[in-house]
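Enquirer: Below you'll find the structure I mean.
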Amino acid sequence: MQEISAGSVIYRKHNHEIEYVIIHQINGNHFGFPKGHIEFDESIEETIKRECLEEVGIDVDILGYPMENHYQINNSINKKVIYMLSETQAINLTFQKEELYDALFLTYEEAIKKLTYQRDQEVLTYYHQLIKEII
């Protein structure tokens, strides 16, 4: 079985630093990025904007730079997540208490230590390098 989701690595410029949105998910008790299933007739960008608003209560500007992440869940579900880089001007996060324990703005160094999975660390590293080139 194949599942496709879309998500975003969201950053903001705050006090001369780049900070990233990291979520602590209840399901699986892990740290990662906002993401979710693509609904019927929904674009990747629409999914990302909806999930960011639902999960952490913020609007994002999607910059693009799509990147795919593939993995298996319980040896039966092939998961494909399409990430894009987004920027926010948000000051605070309001997380979805039904799905998340917490949502945080963290520096790259803090975020890379928090992320549960190596694949997410690789995604963050890719986008962090990209941000340093484009801003």
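The values are calculated or read from the model by the stated rules, or taken from the named source; none is laboratory data. Predicted, not measured: the structure shown is a model, and the values here were computed from it. With ideal geometry, Cβ positions are generated from the backbone for all residues, glycine too; neighbour counts draw on all protein chains shown.
Enquirer: If I ask for residues that are in contact (Cβ under 8 Å) with a residue 60 or more places away in the chain, among the hydroxyl-bearing types (S, T, Y) and either surrounded by fewer than 17 Cβ atoms within 10 Å (Cβ to Cβ) or out of contact with any Leu (no Cβ under 8 Å at 6 or more places or on another chain) (or both), which ones from the stretch 82-113 would you list?
Expert: Within the stretch 82-113, Y83, T88, Y101, T107 qualify.
Enquirer: Among the residues of the stretch 100-124, which ones are within 12 Å of V56 (Cβ to Cβ) and either at pLDDT below 95 or in contact with a helix residue (DSSP H, G or I) (Cβ under 6 Å, 6 or more places away or on another chain) (or both)?
Expert: A103
Enquirer: Out of the stretch 43-61, which residues are surrounded by fewer than 15 Cβ atoms within 10 Å (Cβ to Cβ), under 21 Å from Q2 (Cβ atoms) and of a type in the set (D, E, K, R)?
Expert: Within the stretch 43-61, just E46 meets the criteria.
Enquirer: Follow-up question, since we're still on this one. Report yes if T94 is at pLDDT 95 or above, closer than 17 Å to V56 by Cα and of a type in the set (V, I, T), otherwise no.
Expert: Here the answer is yes, as T94 does meet what is asked.
Enquirer: Let me ask something else about it. Could you list, in sequence order, the residues of the stretch 17-33 that are surrounded by 20 or more Cβ atoms within 10 Å (Cβ to Cβ) and among the small types (G, A, S)?
Expert: G32
Enquirer: Search the stretch 60-79 for residues that are among the β-branched types (V, I, T) and pair each with any residue that is outside any strand (DSSP E or B) when their beta-carbon atoms are under 8 Å apart and the residues are at least 6 apart or on different chains.
Expert: V60/I48; V60/K49; V60/C52; V60/T88; I62/E45; I62/I48; I62/K49; I77/M1
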